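Once you've had a glance at the structure underneath, I'll fire off some questions.
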Amino acid sequence: MARVSATAAQLREQFAAQVPTSLHHERSLAVLEPLQPLFATGGLLRGHTVSVQAAGCGGARSLALAVAAGPVAAGSWVAAVGLPTLGLCAAAECGVDLRRLVLVDTPPADRWAEVLAALVGGVDLIVAAPPPLTAADGRRLAARLRERGTSLVVVGEAHRRSALGADETLRVEAVRWSGVGRGHGHLRARRLEVVASGRGRAARVRRMALWLPDADGQITRAAPVPEPAVVLRHPSGGAG
């Protein structure tokens, strides 16, 4: 793992020295098998922006790290920008190889677009929690991402208030922990209900449940919660 604190110009030089250029030329970045149904093509298309959100229930950052784990496992480098409370243990538990993770300090509010642009092309994937970008900055950054083939995972909902946009959106709708009994026990597994949507080929809404992690510390698919049965009764009181 490398930690980078520099101006945007210095950032380019540091990445040239620290991060080898990716030799992958595939059209998409691999994601972990349990997460593949969340993506319209089964993977993270290069140059695309994915927004990872949570409906007030948490879990967005862990899901973003799980998305990053797939490309890292396939040999890509990932840069995390503006995530000062990112837990390295949590990243490792989500499957991110810390030897291929670069941490970039939070840029000044007026330098975010410049810093993100400096990373594009130097790594295959950027995970960031930026403030809303201006329309001009958003358009330039989106064009640069498409041109250089770097994908961007935005943690939070800043894209809604900027021109950056999102090609695909993963939204955590519910989180449930298991393992604690009546006042005792340990949190052992976390179940996330995730809804995926997007634009173009990703417009069809996809829903699935994930263990992140399961009781063995792995990322696995969870069985859907069965809907309660509907019992119809006749006015006489009998079931029909």
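The values are calculated or read from the model by the stated rules, or taken from the named source; none is laboratory data. Since the model is a prediction, treat every value here as computed from it, not as a measurement. Positions of Cβ are generated from backbone atoms using ideal geometry, with glycine treated the same way; all protein chains shown enter the neighbour counts.
Name, by its number, the condition in (1) among the aliphatic types (A, V, I, L, M); (2) under 24 Å from G149 (Cβ atoms); (3) in contact (Cβ under 8 Å) with a residue 40 or more places away in the chain that does not hold for A91.
That leaves (3) as the condition not met.
Based on what the data block shows, is A55 surrounded by fewer than 22 Cβ atoms within 10 Å (Cβ to Cβ) and modelled with pLDDT under 95?
Yes: the conditions hold for A55.
When you go through V81, V4 one by one, which is the residue that is over 22 Å from P213 (Cβ atoms), surrounded by 15 or more Cβ atoms within 10 Å (Cβ to Cβ), touching a Phe, Trp or Tyr at 6+ places or on another chain (Cβ under 9 Å) and at pLDDT below 85?
Among V81, V4, only V4 is over 22 Å from P213 (Cβ atoms), surrounded by 15 or more Cβ atoms within 10 Å (Cβ to Cβ), touching a Phe, Trp or Tyr at 6+ places or on another chain (Cβ under 9 Å) and at pLDDT below 85.
What are the residues in the range 64-86 that are more than 16 Å from G42 (Cα to Cα), of a type in the set (A, V, I, L, M), assigned to a loop (DSSP other than H, G, I, E, B) and free of Cβ contacts under 8 Å to residues at least 60 places away in the same chain, if any?
Scanning the range 64-86 gives a single hit, L86.
Here are the criteria: (1) of a type in the set (A, V, I, L, M); (2) at pLDDT below 90; (3) exposed (fewer than 14 other Cβ atoms within 10 Å of the Cβ). Tell me which single one A163 does not satisfy.
(3)
I need the full set of residues from the range 113-137 which are in contact with a helix residue (DSSP H, G or I) (Cβ under 8 Å, 6 or more places away or on another chain) and part of a helix (DSSP H, G or I), in order please.
Result: A113, E114, V115, L116, A117, A118, L119, D137.
Can you pull out the residues in the range 179-198 that are charged (D, E, K, R) and modelled with pLDDT of 90 or more?
Hits for the range 179-198 are R190, R191, E193.
Sticking with this structure for a sec: Among the residues of the range 92-110, what is the count of those that are at pLDDT 90 or above, surrounded by 13 or more Cβ atoms within 10 Å (Cβ to Cβ) and either among the β-branched types (V, I, T) or outside any loop (DSSP other than H, G, I, E, B) (or both)?
9
Tally up the residues in the range 134-160 that are at pLDDT 90 or above and within 13 Å of Q53 (Cα to Cα), please.
Of the residues in the range 134-160, 3 are at pLDDT 90 or above and within 13 Å of Q53 (Cα to Cα).
Restricting to the range 189-201, name every residue that is surrounded by 14 or more Cβ atoms within 10 Å (Cβ to Cβ) and either farther than 15 Å from S62 by Cα or within 14 Å of the chain's Cα centre (by Cα) (or both).
Correct list: L192, V194, V195, A196, S197, G198.
Residue check: is R207 at pLDDT 90 or above, over 14 Å from F39 (Cα atoms), assigned to a strand (DSSP E or B) and among the charged types (D, E, K, R)?
So R207 does not fit the description; no.
While we're here: Just name the residue that is farthest from G121 (Cα to Cα) out of those in the range 53-63 that are in contact (Cβ under 8 Å) with a residue 40 or more places away in the chain and not in a helix (DSSP H, G or I).
Result: C57.
Among the numbered conditions (1) within 17 Å of Q53 (Cβ to Cβ); (2) touching a residue at least 60 places away in the same chain (Cβ under 8 Å); (3) surrounded by fewer than 22 Cβ atoms within 10 Å (Cβ to Cβ), tell me where P131 comes up short.
(2)
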